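Bear in mind that the values in this text are calculations on the coordinates, not laboratory data. Source: prediction; values computed, not measured. Glycine gets a Cβ as well: all are built from the backbone with ideal geometry, and neighbour counts include every protein chain shown.
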Amino acid sequence: VSQKPSVYIAIFGDYAALNARINFIKNYFELLGLKVIDPGHVIDPAELAERKEEILVLCSTDEGYASLPELK
């Protein structure tokens with residue numbers, strides 16, 4: 001039996017303002033039976049390189065996505 005992938009929510013912006021989006025992401029992936037990791041705070045883009053989860057979900061405001069750093 002293969003293990004299901006885990007999901008990491010990368011939060012960019014005001015955590016409180018993004019709460020509805022964060023909850024939507026959690027509910028969506030948990031409904032699929034996946035483990036969701038919510039860091040509980042805004043992350044530094046440099047942290048993303050260290051993450052080992054198979055699925056990375058970026059969460060920001062509509063305007064905030066345009067200002068995100070390029071991820072490699």
Trypsin sites (Lys or Arg not before Pro) restricted to the stretch 1-54 and DSSP loop, no more than 11 other C-beta within 10 Å: K52
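Please return the longest stretch of the chain lacking exposed loop sites, where GluC sites (Glu not before Pro) count only if DSSP places them in a loop and at most 13 other Cβ atoms lie within 10 Å. Kindly include the intermediate steps, with their values, before the conclusion.
Numbers: sites that count: E54, E63, E70.
With GluC sites (Glu not before Pro) excluded where exposed in loops, the chain gives 1-53 as its longest stretch.
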Pairwise label distance in nanometres, A16 with L32, each label 7 Å out on the Cα-Cβ vector: 3.1 nm
Tilt relative to the chain, helix 19-31 - C-alpha long axis, 0 to 90 degrees, to 10: 20 degrees
Debye, to nearest 20: dipole size of the stretch 33-72, +1 on Lys, Arg Cβ, -1 on Asp, Glu Cβ: 180 debye
Radius of gyration, Dmax [the chain; alpha carbons; angstrom]: 12.4, 41
Inter-label distance, nm, simple model (7 Å from Cα along the C-beta direction), F24/I43: 2.0 nm
Derived scalar couplings ³J(HN,Hα) [the stretch 48-61; Karplus, 6.51 cos²θ - 1.76 cosθ + 1.60; whole Hz; x for Gly, Pro]: 4, 5, 8, 6, 10, 5, 6, 10, 10, 10, 7, 10, 8, 7
